[in-house]
Amino acid sequence: MSDPVLTEEPLQFGEGGRLFGILTLPATPARTAHALPVFVLLSAGALHRVGTFRLHVRLSRQLARMGFSSLRVDLAGIGDSPRRPGLTNQESVTADYKEIVSVLESRLGQLPLVLAGLCSGADNAIKLTPGDPRIVGMVLLDPICFRDDGFKARALVLKYTNPDLYVSWLKRRLKALTTPRRKRKEDDEPLDYLALRNLPTREQVRAAFLSIRERQGRVLSVFTQYALPYYNRAGQLGGVLGLEGYPQFCTEIYWPQAEHTYPLELHRRRLLKEVGNWAGAYLRPRLNPCPPVVRLQTA
Amino acid sequence: MIEAFFFGAGSAQRFATYHPPAAGSGRLLTIICPPLCSEYMRTHLVLRELAIVLSGKGQHVLRFDYRGTGDSFGELAEVGISDWLEDIALAVQEGRELSGCTSVQLLGVRAGALLVCKYAGARDDVQRLVLWDPVPDGAEYLRVLKRVQASIFERNRYLSHRERREAMHEYGGYWLSASMVEGFRSLDASTYSSVPKHKLHVVSTSPAADLPAPGVFQGVAGVAYGWETDLEGPILPQPLLERLTACLTLS
């Protein structure tokens, strides 16, 4: 731990100290009339608690400077948390979550929670939310979405109006001509990243959002170019879910310039700012917990 | 059971994970000095596995993050090479105090190899240095990061011209301070040759790699990790783990 405004503590918790995480606490809790939620930053894929390009570390410290506590955690089988033998991934995540809640309650008391995660981290947040009334918020980075009626038309427009795509296509053709045939075939094999994810169903996504609405919570969803095969319009998620009052508790950001793992510092800074702005609403009085209007933004 | 903690005083503490020996008296301390930037993420799994294997063979092992990286405090754009050399020195001191060991060996990965050699130099209290895919020198490492940056631009077909311009000064997706860039440029190949040859062991995954210090032991693991082309794919422990373990358990 070291920063004048925050402290950090490595935690080994759960059965046999199996799980590993780092608890970040503000040195001075924010002065609000209501209890602030604790952010749980779920690890994604094979990335450990530090997050993609250190995103979770910076996010947890930024949140602490605003007055929020957080736990960035290695789910079992990732980073410094050994796997749980004999369990499916979903069973393992559910068991992890119980232990995360337990350690947070023992350290901080019973507080509302915000689950945050990228990719499979977002998938896990969506699946866990309906089952725990403590969860009042989700930060979903590239969650799943579902195509709407205009999706294909928009995809065509996007494809044929981007000059960089033509340049890129020409470069690839040129490269293909100068690359031995066999190698070229291997290189060009597209990888279906979505197939690697244990995606939540439409019903699960809907149930998660409904739960948050009932709890008067809030959701931030950010879609990068990774999501273009299924998401290409700001507001698409709200449209396909068709939830009454969606704009009052959800913020949706369509950001095709950014890559899935935010490899550019430029984008990471912007993302941190967006999450910080979104989290800032929790600092306002509970009478007005959500932004009054939805912000559907094309970055 | 590992022991994780922050160490160092002041406003920039470093994060470390200590693996005590699972068996034996543990007379040897291994300090793992990770690589930087995206390579840090890619190697986290294999370096953790390595620490577990070495502790199983009776060694004390300390993994740590340089300031501005991993779980340590600080921002990459605010630290310099001298800070990282100080971090290595402190990690060695911390490891010695925790373990009670006097014999120390260092593993340096990629740019971490350059840093451990700069730190160790002609010091006689470091028994062995194992370098995994060491970068040739600091200037070349900066060129590698710039090539990585170019590959990010090339694959992102939706990046606006304005963003492209703004991100031009990044190195492999990171902001580096001017003093960091200067610091890397000052680390030339003589950094390696300053270490006595008998202490150096190199594990290279590329048979074509130029050895930073000609004549030192080289173990080729026979795999290619695409340091410049793959920013995210985690490096799986096998078969590299065996080679690194062999080097770090030489008697």
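From the set of residues in region B:3-28 that are crowded, with 20+ Cβ neighbours inside 10 Å and either β-branched (Val, Ile, Thr) or over 23 Å from A:Gln12 (Cα atoms) (or both), which is nearest to the other protein chains (Cβ to nearest Cβ)? It comes out as B:Thr17.
Hey, any hits in region A:21-28 for a residue that's of a type in the set (A, V, I, L, M, F, W, C) and more than 14 Å from chain B (Cβ to nearest Cβ)? Scanning region A:21-28, I find no residue that is of a type in the set (A, V, I, L, M, F, W, C) and more than 14 Å from chain B (Cβ to nearest Cβ), so the answer is no.
Here A:Leu266, A:Leu243 are screened, and the one residue that is part of a loop (DSSP other than H, G, I, E, B) and more than 17 Å from the chain's Cα centre (by Cα) is A:Leu243.
Go through region A:199-229 and report how many residues are outside any helix (DSSP H, G or I) and among the polar types (S, T, N, Q). It would help to see each step written out before you state the result.
Applying the first criterion (outside any helix (DSSP H, G or I)) to region A:199-229 yields A:199-201, A:215-224, A:228-229.
Filter once more, so that each one left must be among the polar types (S, T, N, Q): A:201, A:216, A:221, A:224.
Of the residues in region A:199-229, 4 are outside any helix (DSSP H, G or I) and among the polar types (S, T, N, Q).
Contact map, region B:238-251: first residue farther than 11 Å from B:Arg128 by Cα, second residue outside any helix (DSSP H, G or I) and of a type in the set (Ser, Thr, Tyr), Cβ cut-off under 8 Å, separation 6 or more or different chains; pairs are B:Leu240/B:Thr205. Screening B:Thr69, B:Thr102 for residues that are within 14 Å of chain A (Cβ to nearest Cβ) and farther than 20 Å from B:Leu236 by Cα leaves exactly one candidate, B:Thr69. For region B:145-175, taking the residues that are touching a residue at least 40 places away in the same chain (Cβ under 8 Å) and more than 10 Å from chain A (Cβ to nearest Cβ), the one that is surrounded by the most Cβ atoms within 10 Å (Cβ to Cβ) is identified as B:Leu145. Going by the structure shown, is A:Gly45 touching a residue at least 40 places away in the same chain (Cβ under 8 Å), over 17 Å from A:Gly109 (Cα atoms), surrounded by fewer than 22 Cβ atoms within 10 Å (Cβ to Cβ) and in contact with a helix residue (DSSP H, G or I) (Cβ under 6 Å, 6 or more places away or on another chain)? In short, yes. In region B:136-143 there is no residue that is touching a Cys at 6+ places or on another chain (Cβ under 9 Å), modelled with pLDDT of 95 or more and away from chain A (no Cβ under 14 Å).
Scanning region B:218-251 for residues that are more than 19 Å from B:Ile32 (Cα to Cα) and touching a Cys at 6+ places or on another chain (Cβ under 9 Å) yields a count of 1. Residues being within 10 Å of chain B (Cβ to nearest Cβ) and either more than 29 Å from A:Ala281 (Cβ to Cβ) or part of a loop (DSSP other than H, G, I, E, B) (or both) are entirely absent from region A:93-101.
The values are calculated or read from the model by the stated rules, or taken from the named source; none is laboratory data. Since the model is a prediction, treat every value here as computed from it, not as a measurement. Note that each Cβ is placed from the backbone with ideal geometry, even for glycine, and that neighbours are counted across all protein chains shown.
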